[in-house]
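Chemist: Got a structure for you, written out below as structure tokens; questions coming shortly.
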Amino acid sequence: MCGIVGGIAERNLTPILVEGLRRLEYRGYDSSGVALLANNELKRVRSIGKIAQLQEKIEAQSEAFIGSIGIAHTRWATHGIPAEENAHPHICNNRVAVVHNGIIENHVQLKTEQLAAGYRFTSQTDTEVIAHAIDQHLGKDNDSLLKAVQETVKQLDGAYALGVIAKDHDLLIATRCGSPLVIGVGIGEYFIASDVAALLPVTQKFIFLEEGDIAEIKRDQLTILDANGNVVEREETISNLSSQSVELGEHRHYMHKEIFEQPQSVIDTLQGRISGDSVLVSAFGHQAEEIFSKIEQVQIIACGTSYHAGLVAKYWFEDIIGMPCLVEVASEYRYRNPVIRPNTLLLTISQSGETADTLAALRSAKATQADLASLTICNVPESSLTRESDLVFLTHAGPEIGVASTKAFTTQLVALALFLTAMGRVQNRLSTGREKAIVAGLQKLPSLIQSALQHEAVIKDIAQQFADKGSALFLGRGTMYPIAMEGALKLKEISYIHAEAYPAGELKHGPLALIDDTIPVIAIAPKDELLEKLKSNLQEVKARGGQMIVFEDEDSNVNTDGDDLNVIKATTNVGRITAPITFNIPLQLLSYHVALIKGTDVDQPRNLAKSVTVE
Ligand code: G6P
């Protein structure tokens, strides 16, 4: 999704803005641009493609591209094709420059009015109306830029984070409503960005704007006004992320780095959440005990990979503590009229905490039922979801840069297991012995994951089989069904191979018709009570000439009958909670190595965004 960087300083901002854009690349984008106020003139460079292309264009400028007030942007096309004229910043009358993340829903109506007022449009974007509106409000007298932005946002319907600069105004304006924006605090300088990662090379001090806030930023003075126009103080926080934590190190791709960070991410997520053999209920917030004691049902809402984590949790909740658990994708939930039973806990799961549909689903559920209790499992502190939920559990995966989620998913599952255990204990739905066993399993996870990672070389070989394939089928039963869904999602996201997941028992109701020797079938076969049933399903595939790749437990012995299946003994001695988390690891590696063979852009796959902050 679109990313914003900006700043006001005493020094040249170009390298800082370009580096900031680089650090936002992971969000997904198709074009980029930067505008500076230099000698009181607006200068702009925009480019389609990668930041490296923007950098080349900047270096090719006949005059040095230097300025100490500036805004920059990565664009992920929503309104208007990826093209230079649609890239931000958008400039009106050589006076106002704007970068925008979000969607302005009433842009057609505003455009009609602005055309009638004599404004000319040079793009197909919804954003350009913002630049014109600010220019209109500045008027002939070139009034306060802050007031002009305040008046403009009153006219906007939809979501926005904005960075605004203007000729004759020695300041930067930033505002947000529905899209994230953070202010970085330097010494005699300030910066803005869509997330902290963009600014880590220049500061570790951040102020998170709240919904409707507008900031007037001068080199030596920051004034924040809330949605009602009152001056407010917003807390300054120090990020413990280091600039290096979002760098590649020895790895070729962030995805690879993040796959291999998973043992540590699990350790970090468990740290401080367990005491002896018990999960600390207070890890979910100081009201957790009271809220959990009243809950009769859990409603999970999420998107993408986070949704798959929710699907695994449904099996756990109903099976292990006998509590009803519903799971739904946020984009559906938000637009229907769900029946919310009394004493439901609404649980959102999100890596970013900014996914527009998940946030809107939480808001609409709360609007329907004001006393609805909410919990978010999220990886980003100070994100919108963490601020709008009653209870918060932060996964400590660390920054996840690869668009395809890996370590965030693993830590979400760990968080869900802790949640299940805490809820089970508060409501006496879990024996002490069972809790102890779950905790012991979670503590064993880092080494189970480490062992699973050691199969990389074999998986790399198997990936060769996918080089010329157009489709793949993933099969699993029980919790391995959502893991199969996650495996299929990973493969299609980064290798562009069409992949589907099916619960193995559904094979004969359709997908069996597809099976021939051109479609690899990937099955996940832990040693559990469904193993024999799964083996029969695999025979059905084999009998039709299907090419099978099986990830099994040491003791599963899928290959006993002399079947010539491709079997990888991925793990051993996994339990109900640890099995789905561990079996997911080889599937991540498989997608990664297939993508390498296909030569795709692993960390920034085409058309996808890391954080989907628009609908
Ligand atoms: C995008 C990302 C996925 C992610 C999903 C939900 O589609 O590419 O990796 O799972 O959004 O994001 P969230 O931040 O809410 O987990």
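Chemist: Can you tell me which residue within region 301-336, out of those that are of a type in the set (K, R) and modelled with pLDDT under 95, is farthest from the ligand (Cβ to nearest atom)?
Modeler: The first filter runs over region 301-336 and keeps only residues of a type in the set (K, R), leaving 314, 334, 336.
Cutting the leftovers down to modelled with pLDDT under 95 gives us 334, 336.
Values: R334: 13, R336: 19 Å.
Selected residue: R336.
Chemist: Moving on. Check whether at least one residue in region 67-75 is touching a Phe, Trp or Tyr at 6+ places or on another chain (Cβ under 7 Å) and within 16 Å of the ligand (Cβ to nearest atom), and report yes or no.
Modeler: yes
Chemist: Next question, about the same structure. Among the numbered criteria (1) among the polar types (S, T, N, Q); (2) in a loop (DSSP other than H, G, I, E, B); (3) modelled with pLDDT of 85 or more; (4) within 16 Å of the ligand (Cβ to nearest atom), which single criterion is violated by T518?
Modeler: All conditions pass for T518, except number (4).
Chemist: Failed condition for G118, given (1) under 27 Å from V153 (Cα atoms); (2) in contact (Cβ under 8 Å) with a residue 12 or more places away in the chain, with all others met?
Modeler: It fails just one condition, (2).
Chemist: Taking only region 421-438 into account, find how many residues are in contact with a strand residue (DSSP E or B) (Cβ under 9 Å, 6 or more places away or on another chain) and of a type in the set (A, V, I, L, M, F, W, C).
Modeler: Qualifying residue count, region 421-438: 3.
Chemist: Being outside any strand (DSSP E or B) and touching a Ser or Thr at 6+ places or on another chain (Cβ under 7 Å) is the filter here; which residues of region 160-191 pass it? Explain how you work it out, then say what you get.
Modeler: Taking region 160-191 as the starting set, the residues that turn out to be outside any strand (DSSP E or B) are 167-168, 179-181, 186-189.
S179, P180, L181, G186, listed by residue number.
Chemist: Could you tell me which residue of region 393-424 is farthest from the chain's Cα centre (by Cα), considering only residues that are more than 14 Å from the ligand (Cβ to nearest atom) and at pLDDT below 95?
Modeler: Per the criteria, the residue is H396.
Chemist: Output the qualifying pairs, or none if there are none: Cβ atoms under 9 angstrom, residues six or more apart or on different chains, first residue in region 341-352 and under 14 Å from M423 (Cβ atoms), second residue of a type outside the set (K, R) and within 7 Å of the ligand (Cβ to nearest atom).
Modeler: If the second residue must be of a type outside the set (K, R) and within 7 Å of the ligand (Cβ to nearest atom), the pairs left are L347/A302.
Chemist: State which residue is farthest from the ligand (Cβ to nearest atom) when the search covers only region 283-300 and only residues that are in a helix (DSSP H, G or I) and closer than 21 Å to T395 by Cα.
Modeler: Looking at the filtered set, the residue picked out is E289.
Chemist: Turning to a different aspect of this structure: Pairs only if they're at least six apart or on different chains, beta carbon under 6 angstrom, first in region 245-263 and under 17 Å from S447 (Cα atoms), second crowded, with 20+ Cβ neighbours inside 10 Å and among the polar types (S, T, N, Q); list them, first residue then second.
Modeler: So the pair list comes out as E258/T406; I259/T406; I259/Q588; Q262/T410.
Chemist: Out of the residues in region 239-262 that are hydrophobic (A, V, I, L, M, F, W, C) and at pLDDT 90 or above, state the one that is surrounded by the fewest Cβ atoms within 10 Å (Cβ to Cβ).
Modeler: Here the answer is F260.
Chemist: While we're here: I'd like the full set of residues that are in a helix (DSSP H, G or I) and in contact with a strand residue (DSSP E or B) (Cβ under 8 Å, 6 or more places away or on another chain), limited to region 439-470.
Modeler: Residues satisfying the conditions are V439, L442, Q443, L448, S451, A452, V458, I459, I462, Q465, F466.
Chemist: Here is a follow-up. Any idea which of A198, A215, A227 is buried (at least 17 other Cβ atoms within 10 Å of the Cβ) and outside any strand (DSSP E or B)?
Modeler: A198
Chemist: Of all residues being of a type in the set (A, V, I, L, M) and in a loop (DSSP other than H, G, I, E, B) in region 568-615, which is farthest from the ligand (Cβ to nearest atom)? Just the residue, please.
Modeler: So the residue we want is V574.
Chemist: Restricting to region 362-392, count the residues that are within 11 Å of the ligand (Cβ to nearest atom) and either part of a loop (DSSP other than H, G, I, E, B) or more than 21 Å from R234 (Cβ to Cβ) (or both).
Modeler: To start, the set of residues in region 362-392 that are within 11 Å of the ligand (Cβ to nearest atom) comprises 376-380, 383-385.
Going one step further and asking which of them are either part of a loop (DSSP other than H, G, I, E, B) or more than 21 Å from R234 (Cβ to Cβ) (or both), we end up with 377, 379-380, 383.
Residues in region 362-392 being within 11 Å of the ligand (Cβ to nearest atom) and either part of a loop (DSSP other than H, G, I, E, B) or more than 21 Å from R234 (Cβ to Cβ) (or both): 4 in total.
Chemist: Quick one: in region 27-44, of everything that is within 26 Å of the chain's Cα centre (by Cα) and crowded, with 24+ Cβ neighbours inside 10 Å, which residue is farthest from A161 (Cα to Cα)?
Modeler: Among residues in region 27-44 that are within 26 Å of the chain's Cα centre (by Cα) and crowded, with 24+ Cβ neighbours inside 10 Å, the one farthest from A161 (Cα to Cα) is S31.
The values are calculated or read from the model by the stated rules, or taken from the named source; none is laboratory data. Keep in mind it's a predicted model, so treat the numbers as computed, not measured. No Cβ is skipped: glycine too gets one built from the backbone with ideal geometry, and neighbour counts run over all protein chains shown.
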